[in-house]
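Here the structure is laid out as structure tokens; the discussion comes afterwards.
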Amino acid sequence: DIVEDAVELAGIELRRRNVAIHTYVAQRLPQMMVDPILIEQVLMNLLKNAAEAIDNASLPTSRRHIELRVVPKHSAELGGQIEFSVTDMGPGLPDEVIARMYEAFFSTKADGLGIGLGLCRSIVESHQGRIKAENLYNGSLVVGCRFAFTIPVTITSEHLRQEASAGVAGSAQRTEPTTP
């Protein structure tokens with residue numbers, strides 16, 4: 001299970017930073033053709049970033065939690081999808097960071113390499129998905145941040161052929177039907 005594995009692997013970092021996680025995975029989600037290890041990697045990076053934001057803001061215990069949700073979505077344009085979202089109660093992101101956060105080597109962390117979110121975006125897009133970030137507001141006050149990515153329920157066989165010929169992140173060799 002992708003979500004369970006990601007939460008377990010990120011758990012050490014979350015406990016070290018005294019951050020709780022609340023997980024909700026919808027029942028009876030359809031299978032997706034994904035590389036589960038790559039999707040776990042995206043989730044772990046988002047969870048780690050959220051925990052760091054909470055810890056660095058020295059938030060009180062009542063605000064030291066992350067919510068991870070996995071739910072079905074459907075739109076006329078994109079069809080059936082699974083949405084993964086990581087929401088924290090941290091300080092949010094400045095607009096200039098949101099505008100640049102996927103750029104290679106851009107980081108707000110003193111020891112950051114600036115490859116984490118760019119890699120997340122590449123992984124999501126290699127699965128025909130989309131990723132976005134948004135601040136959460138209470139009036140004009142930022143009360144947290146939400147990263148969400150969607151993965152289509154069905155990836156076309158043409159996309160898989162292109163991926164295999166391009167060798168995208170090695171995922172063509174490991175793509176398998178997976179339930180979140």
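Just so it is clear, none of the values below were taken in a lab; they were calculated from the coordinates. Keep in mind that what you see is a predicted model, and the values were worked out from it rather than measured. Glycine gets a Cβ as well: all are built from the backbone with ideal geometry, and neighbour counts include every protein chain shown.
Dipole magnitude for region 1-143: about 280 debye, using +1 per Lys or Arg Cβ and -1 per Asp or Glu Cβ, origin at the Cα centre.
Give, in nm to one decimal, the length gained when the segment between residue 4 and residue 17 is fully stretched (0.36 nm per residue of separation minus the Cα-Cα distance). Length difference between fully extended and current span is 2.7 nm. For the peptides 44-50, 31-37, 133-139, the ranking by mean Cβ contacts within 10 Å, running from highest to lowest, is 44-50, 31-37, 133-139.
Could you let me know the centre-to-centre spacing of region 120-148 and region 43-68, using Cα atoms, in angstrom? Distance between centres, Cα-based: 14 Å. Here the label points at residue 136 and residue 75, each 7 Å from Cα along the C-beta direction, are separated by 2.1 nm in the simple model.
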